[in-house]
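K.L.:
Supplied in structure tokens, the structure appears directly below.
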Amino acid sequence: MEISVLIPTLVALPLIGFLVSGIFGKWLKGFTGIFSTATVFVSFALALLSFDGFHPMRNGIPKIVTLFPWITTGGLNVSLAYQVDQLSLYMVLIITGIGSLIHLYSIGYMKGDPGFARYFAYLNLFIFSMLNLVLAENLILLFLGWEGVGLCSYLLIGFDYHKETAANAGMKAFIVNRIGDLGMLLGIAFVFWYTGSVSFTVIEEAILEIPSFRYILPLAAACFFIGAIGKSAQLPLHVWLPDAMAGPTPVSALIHAATMVTAGIFLIARLNPIFLSAPQVGHWIVVIGSITAFFAATVGLFQNDIKKVLAYSTVSQLGYMFVAMGAGAYVAGLFHLMTHAFFKALLFLGSGSVIHALHHEQDLRNMGGLKKQMKITWITFLIGSLAISGIPPFSGFFSKDLILEKAYTYGTLFYGLGIITALLTAFYMFRMTYLTFYGESRVSSEKASHLHESPLVMTIPLIILSIGAMVTGFLEVPHLFYGGVRILTSYFGPVFIRGIEISERIVKQPLDAREVGTTTTVELSLIAVSIAVAISGIFIARMIFLNGKKVPDSEESHTGIKRILTKKYYVDEFYHNFIVEPILLLGKFLADYVERNFLDLMLRGTGRVAVAISLVLRRAQTGIVVDYAILIVLGTVVILSFFLLRGL
């Protein structure tokens with residue numbers, strides 16, 4: 001089958017699933033989940049087959065699949081077209097592969113929910129939107145997918161809309177992302193204004209051929225970076241992601257692992273010629289990423305909600321990816337994106353298995369000793385924790401180490417923040433693991449009597465994801481081990497080589513997006529430090545929460561630094577008191593006083609004036625012929641006088 005058929009088909013299948021589930025779900029009932037899951041599994045199979053038509057990209061030329069002309073107005077000509085290259089297919093495999101497992105898991109997790117069909121309709125629409133985002137040949141289609149995942153996040157986070165917390169969380173995600181989307185729109189506007197096109201291939205050439213475009217590259221890159229900050233939950237627009245835990249747990253897995261939050265990373269990779277040609281913006285990406293990684297890791301230290309711990313770990317891990325992307329280490333960033341997708345989906349689904357078994361209990365203080373009754377969930381969750389902590393040979397070790405190595409060559413300050421973040425990550429992940437699965441049970445007797453392992457439809461995805469968390473790291477292995485393996489470096493070469501060539505021609509000291517390189521001694525030292533801090537974090541957590549059998553106390557009793565971290569540095573309170581409340585008060589003032597006393601009065605006054613004029617004019621309508629004759633004569637005299645005077 002030709003790639004020109006495979007790509008549109010794999011994109012269309014989730015859309016079909018959305019339409020079928022949304023329209024006929026009421027009658028299909030339980031079959032809705034099976035059908036929706038099947039569409040994504042088939043999309044994944046077609047993505048694998050697409051590699052058969054992948055050969056044209058090996059010489060650096062992407063395959064463009066054009067469906068039809070889409071927008072033709074003025075100087076804007078946009079086709080509905082997909083760009084198939086290493087980057088887009090890499091993302092498609094992650095989205096459909098992990099997305100299909102989350103769909104399968106959801107069949108068991110959402111069983112009996114009254115919104116079952118609606119849930120799977122939204123889930124399919126989410127996959128469809130993300131596929132359009134990563135396969136887009138131009139910025140307009142990418143933005144359509146960008147907004148689509150934003151809409152779906154709102155629908156799924158607020159899935160239980162009858163709960164105030166869920167409704168507010170969905171609205172918060174939607175509004176915060178609008179700030180980032182404004183930056184995205186401005187970036188698109190700048191690019192179109194100077195190049196006359198929104199096609200990625202045309203934009204690449206315009207950087208070299210249109211001198212004036214080069215001067216606004218930093219501004220365009222900064223605007224796109226703001227968009228990436230919003231979608232990938234970096235400081236200061238990170239506040240929506242932890243609140244997104246109000247949605248069903250599989251939704252959290254999908255948002256955090258395979259779809260929405262990876263969109264910002266993908267955007268930087270796709271627009272690499274622009275970002276490589278604006279190294280000053282790249283530096284700020286590194287700064288924001290490293291600060292966010294450290295910030296979120298410190299907040300995760302004292303969270304007691306199992307999903308909130310994972311939420312802040314996602315923000316932190318995305319910070320690592322931003323460090324890599326800003327430093328030009330695109331392979332390292334995309335490598336960590338993939339390994340993170342596996343172990344974070346595994347951890348979220350594992351937490352969902354625990355929550356499902358404990359009848360929606362999410363507080364770590366009410367868990368403990370679950371490994372006896374939930375062996376599969378325990379083992380797979382442990383694998384995920386080892387992977388994210390950076391313990392070899394699990395996948396997170398290889399991808400995180402590659403980022404830390406690049407951070408070391410970029411600046412020791414950023415490397416230092418990365419290492420401290422790695423220590424904190426290992427600590428809070430195993431704090432969560434020990435409190436959940438080890439020690440004495442703190443589960444209430446009522447819930448303990450019904451405690452059991454999750455059904456196969458939920459544990460099979462856990463097993464598959466745990467295998468991915470163990471083996472995907474071997475795609476990029478340091479040369480210290482068996483001479484090294486650089487599969488992804490070779491794979492992504494044609495995607496980034498053009499951006500490197502462009503930046504080298506217009507920037508005096510361009511970033512290098514090629515393979516990270518250090519001496520053997522330095523590399524060995526960096527690896528040793530990375531392993532040492534990970535083991536130290538786990539050991540400290542073990543001493544406190546396993547051997548010491550410590551259970552976290554109530555948040556109200558926290559003081560000092562501990563309270564600041566528990567309150568997440570009071571960022572939410574700051575936004576609420578100094579941004580949200582003033583805007584609401586301004587809106588209330590405008591509604592109660594300006595609109596009521598000025599706008600309404602102006603509208604009513606206009607009507608009253610018209611009525612008054614009509615009352616005066618109606619007196620001229622007497623119904624007497626003589627009166628009309630007099631008016632005609634007077635009118636004639638006025639008109640003749642006007643023309644006579646004008647003639648003089």
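Any read-out appearing in this document is the output of simple, stated calculations on the displayed coordinates, not a laboratory observation. Bear in mind that the values here come from a model prediction, so they are computed numbers and not experimental data. Note that we place each Cβ from the backbone using ideal geometry, even for glycine, and neighbour counts take in every protein chain shown.
K.L.:
Need the full-extension length gain, Val457 to Leu19, defined as separation in residues times 0.36 nm minus the C-alpha distance. One decimal, nm.
P.N.:
Details: separation 438, 0.36 × 438 = 157.68 nm, distance 2.41 nm.
155.3 nm is the gain from fully extending Val457 to Leu19.
K.L.:
7 Å from Cα along Cα→Cβ at both Ile630 and Leu144: what's the point-to-point distance in nm?
P.N.:
A separation of 7.1 nm, rounded to one decimal place.
K.L.:
So, one more: Could you give the dipole magnitude of the chain about its Cα centre, charging the beta-carbon of Lys and Arg +1 and that of Asp and Glu -1, in debye to the nearest 20? Don't skip to the answer; put the middle values down first.
P.N.:
Working: 43 positive and 37 negative charges, 177 e Å.
Charge dipole of the chain: 840 debye, to the nearest 20.
K.L.:
Using 0.36 nm times the number of residues separating Leu645 and Leu586, minus their current alpha carbon distance, what extension gain do you get? Could the numbers behind the result be given before it?
P.N.:
Working: separation 59, 0.36 × 59 = 21.24 nm, distance 5.74 nm.
Going from the current span to full extension adds 15.5 nm.
K.L.:
Pull up the cross-link candidates among the aspartates and glutamates for Lys550, meaning alpha carbon to alpha carbon under 18 Å and not fewer than 8 places away within one chain.
P.N.:
Here the aspartates and glutamates satisfying the reach criterion relative to Lys550 are Asp305, Asp363, Glu440.
K.L.:
While we're looking at this one, here's another question. Compute the relative contact order of the range 86-215 as a whole-number percentage, counting only Cα pairs closer than 8 Å that sit 6 or more residues apart in sequence.
P.N.:
On the way: 107 pairs, mean separation 22.1, N = 130.
Relative contact order here is 17 percent.
K.L.:
How much length is gained on full extension from Ser4 to Asp113, taking 0.36 nm per residue of separation minus their Cα-Cα distance? If you can, show how the numbers build up before the last one.
P.N.:
Values: separation 109, 0.36 × 109 = 39.24 nm, distance 3.90 nm.
Stretched out fully, the Ser4 to Asp113 stretch lengthens by 35.3 nm.
K.L.:
Which order do Arg178, Arg214 fall in if you start with the one that has the fewest other Cβ atoms within 10 Å? Show your work: numbers first, answer last.
P.N.:
Working: Arg178 12, Arg214 17.
Ordered from fewest to most neighbouring Cβ atoms within 10 Å, Arg178, Arg214 come out as Arg178, Arg214.
K.L.:
So which of Lys231/Lys344; Lys372/Lys549; Lys26/Lys307; Lys231/Lys588; Lys163/Lys344; Lys400/Lys562 end up more than 19 Å apart by C-alpha? If you can, show how the numbers build up before the last one.
P.N.:
Values: Lys231/Lys344 17 Å; Lys372/Lys549 17 Å; Lys26/Lys307 31 Å; Lys231/Lys588 30 Å; Lys163/Lys344 26 Å; Lys400/Lys562 27 Å.
Long pairs (Cα-Cα over 19 Å): Lys26/Lys307; Lys231/Lys588; Lys163/Lys344; Lys400/Lys562.
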